[in-house]
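Below is one structure; the comments refer to it alone.
Since every read-out is calculated from the coordinates, none of them should be taken as a lab result. What you see is a predicted model; the values in this text were computed from it and never measured. Virtual Cβ from ideal backbone geometry, glycine too; neighbours counted across all protein chains shown.
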Amino acid sequence: MERKLKKPELLLPAGSKEKMEYAIHYGADAVYLGMADFSLRAMRKGELITLDNLKDCIDLAHSFGKKVYLTLNIFAYDSDIKQMTECAEKIKDAAPDAILFSDFGVYNVIKKYMPEIPIHVSTQTNILNYEAVKFWQNLGAQRVVLSRDLSLSQIEEIKNKVPDMELEVFVHGAQCVSFSGRCLISDYMTKGERKANHGNCSQSCRWSYKLVEETRPGEYFDICENERGTHILSPKDIALINYLPQLIDIGVDSFKIEGRTKSLYYVAAIAKAYKKSIDSYLKYGKIDEEANYNEIVKIGNRGYTTGFYLHKPDSEGYSYDISKGLAGADCLCVFTDKKDNLYKVITKNKFLLNDEIEIITPDECFRTKVTKIYNEKMSEEKKLSNTNDISFIELSNPPVDYHWALARTIGVKNLR
């Protein structure tokens with residue numbers, strides 16, 4: 001009998017309240033967010049999510065009919081457990097749809113002080129087999145986030161063995177060089193100041209290294225596998241947008257996108273791309289692989305790989321030349337208001353009068369031209385809008401709805 005395909009959840013990162021709102025409007029069914037003290041990503045920009053505004057953020061997402069998962073997935077010390085216990089009442093009051101954890105001590109705190117909140121088990125627990133899934137199911141978990149070290153066939157076997165357990169799978173974003181992210185390189189290289197498993201990874205695996213031989217101090221040698229460079233520990237980013245049909249057929253419940261420290265543009269554009277691909281497969285039974293690829297290369301990346309999902313990664317799965325993700329298209333501005341035929345924008349990267357740009361909104365993607373630029377007071381025309389400027393612009397072809405609109409450069413640079 002033919003199985004009716006279930007629509008998977010599209011799960012986006014919410015590194016700040018602003019990014020959460022863009023993720024939701026661009027297609028997320030749910031978001032995951034964390035507070036600085038208990039999350040594996042320490043945010044430094046935007047309206048940070050704290051214990052004080054957690055409830056407001058969750059209530060806002062719920063008002064749009066979306067779910068929110070709170071990440072308490074640090075590896076906890078006694079001081080963390082004590083602090084978490086003191087925060088339990090406010091977390092309960094905020095009412096997240098689930099709590100994501102990896103530490104057994106944190107599990108005990110959740111069960112004791114917040115037993116009514118569903119629990120999801122983090123990828124940090126290295127779940128690689130169906131017996132591990134059953135173990136957590138028996139302990140009351142509603143969902144597990146599978147390790148990124150699994151293949152599609154292994155995921156399918158787990159789903160077949162434990163069909164009544166929700167499975168979450170990473171489909172896009174940065175990979176860690178260490179096994180499911182359990183790494184101490186950052187701790188060591190920063191003398192304990194940047195602890196990876198306390199949300200402050202320095203990504204020292206992506207630094208450029210040279211070799212020194214102890215009897216020849218001061219003589220440094222490149223560490224090269226080939227002529228491309230020295231970033232020997234820096235894996236490319238996962239991109240499974242063209243393999244979503246297989247994952248939907250398997251019955252994966254949630255598609256997770258990595259990137260709480262990524263830009264607002266990244267969150268919006270990647271949500272739009274993956275939502276479009278999911279909807280296309282569910283409605284038409286097919287996806288446009290070329291269009292998918294052309295879209296995701298416009299978003300910050302270190303080059304793309306399928307990781308372990310199709311086969312064991314080889315040297316092609318690593319980014320040897322650079323460590324920083326480069327976008328194929330630069331985000332130029334964010335639309336915030338409209339007065340008559342002029343749009344108020346916050347400039348992220350400089351653009352010029354008469355530039356041809358691309359507008360993306362939750363429902364549109366089209367090219368247009370900047371025909372006028374005014375200063376913030378609309379009292380003076382300008383020939384350009386510089387980074388961080390607040391400007392008013394006129395477009396030859398305006399968006400139907402400017403709310404949540406972004407502008408970016410046309411074409412693709414930094415094709416990796």
Would you pull out the residues with amide H under 5 Å of I117's amide H, same chain only if 5 or more places away, H placed 1.01 Å from N? none
Helix-only estimate, please: 222 nm mean residue ellipticity of the chain, summing -39500 (n - 2.57) across DSSP H runs of length 4 or more and dividing by its residues, to the nearest 500. -7500 deg cm²/dmol
What ³J(HN,Hα) values, in whole Hz, does the Karplus curve 6.51 cos²θ - 1.76 cosθ + 1.60 give for segment 295-307 when θ = phi - 60°, with x put for Gly and Pro? 7, 6, 6, 7, 10, x, 7, 9, x, 10, 8, 9, x
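Could you compute the FRET efficiency for L326 and E193, with r as their C-beta to C-beta distance and R0 at 25 Å, rounded to 0.05?
0.35
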Flagged links, alpha-carbon separation over 24 Å, of K7/K112; K276/K369; K298/K350; K55/K111; K7/K111; K256/K312: K7/K112; K276/K369; K7/K111
Per-selection metrics, the chain (Cα): Rg and Dmax in Å: 22.5, 72
Length gained, K413-Y284, 0.36 nm per residue minus C-alpha separation, equals 43.3 nm
